[in-house]
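Colleague: Sharing a structure with you now.
The values are calculated or read from the model by the stated rules, or taken from the named source; none is laboratory data. Quantities reported herein were computed from a predicted structural model and do not represent experimental measurements. Heads up, the Cβs are rebuilt from the backbone with ideal geometry, glycines too, and the neighbour counts pull from every protein chain shown.
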Amino acid sequence: MIRVRVWNALERQKQLMGDQEITQRIKEIRDFLGLSQKSMAGIIGCSHQAWQGYEAGNNLPGGRLLQRLNKLGISIDWLLTGRGSLQEGNSGTDRAQLSFIPQINARLAAGDGSINERLQIRDYVPFASSYLLSRLGRHSIDGLIVLEVSGDSMEPTIGDGSLVLVDQTDTDVSGSIMAFVFEDFTYIKRLQKFIGGIDVVSDNKALYPPHQIPNAELDQLHIIGRVRWIGRTL
């Protein structure tokens, strides 16, 4: 009887050690993707509290969440056993790390304006972390969001239906293309300060002449951030 108890205790210790190793690998996955706990939970479809529990070792993700991790390119065999590499189908150590930036369910008007009614996360757009660092100088995705553009006032630079990456930490109005809200409408235009207020300039000047927001109306202006990247389907 004593031997059985000792055997069971050893087996339980092995199981606990295995669970702790899985917990550590769960943390590695999030670090690999460059996400916060909240963003990671949103991507795989669980609550923030549930993901915190996975990292704390309180419980382990079930089959449905494992499938979603696998769709992100994570090797489930590696997660459960530690064999192979973290990234599915890649046995090397030089992995292209991805960062998943939230796409907000709102459209920026490049035309007459469209009101922001919902600001929920619609999806996540993957970017190579090396690209964000080398081209944008960003070590993290904090403050970065993706928005869809509606209208043709920024043609040919930005077309209708294009996606734009907006850096909410950069709100300096200095001639850059900015995403902003004015009088409850969202826009994407070039903004430039002048003594009397702010110039609002469209790239499609033939159809959309420049106009101004005077200083007296600047309390209705909210800068979302600077546009740092543009993507469109041809």
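Colleague: So, in region 43-78, of the ones that are closer than 24 Å to F127 by Cβ and in a loop (DSSP other than H, G, I, E, B), which residue ends up farthest from the chain's Cα centre (by Cα)?
Modeller: Among residues in region 43-78 that are closer than 24 Å to F127 by Cβ and in a loop (DSSP other than H, G, I, E, B), the one farthest from the chain's Cα centre (by Cα) is S75.
Colleague: Quick check on Q97: is it modelled with pLDDT under 80 and touching a helix residue (DSSP H, G or I) at 6+ places or on another chain (Cβ under 7 Å)?
Modeller: Details: modelled with pLDDT under 80: yes; touching a helix residue (DSSP H, G or I) at 6+ places or on another chain (Cβ under 7 Å): yes.
Taking the combined requirement at face value, the residue satisfies it.
Colleague: Now for a separate question. Within the bounds of region 19-42, is there any residue that is surrounded by 13 or more Cβ atoms within 10 Å (Cβ to Cβ), at pLDDT 80 or above and not in a helix (DSSP H, G or I)?
Modeller: No: region 19-42 contains no residue that is surrounded by 13 or more Cβ atoms within 10 Å (Cβ to Cβ), at pLDDT 80 or above and not in a helix (DSSP H, G or I).
Colleague: Working only within region 149-207, note down all residues that are without any contact (Cβ under 8 Å) to a residue 40 or more places away in the chain and either outside the structural domain of H139 (by TED's automatic domain parsing) or within 24 Å of R138 (Cβ to Cβ) (or both). Quick ask: steps written out before the conclusion?
Modeller: The first filter runs over region 149-207 and keeps only residues without any contact (Cβ under 8 Å) to a residue 40 or more places away in the chain, leaving 174-175, 183, 190-201, 205-206.
Scanning region 149-207 gives S174, G175, R190, L191.
Colleague: Based on this model, can you work out whether Q15 counts as modelled with pLDDT of 80 or more and either assigned to a helix (DSSP H, G or I) or under 19 Å from I101 (Cα atoms) (or both)?
Modeller: On the way: modelled with pLDDT of 80 or more: no; either assigned to a helix (DSSP H, G or I) or under 19 Å from I101 (Cα atoms) (or both): yes.
So Q15 does not fit the description; no.
Colleague: I need the strands (runs of 3 or more DSSP E) fully contained in region 146-230, keeping only those with at least 2 residues that are under 24 Å from the mean Cα position of the chain (by Cα). Let's see the steps before the verdict.
Modeller: Details: elements: 163-167, 174-182, 185-194, 197-201, 211-214.
Of the strands (runs of 3 or more DSSP E) lying wholly inside region 146-230, those with at least 2 residues that are under 24 Å from the mean Cα position of the chain (by Cα) span 163-167, 174-182, 185-194.
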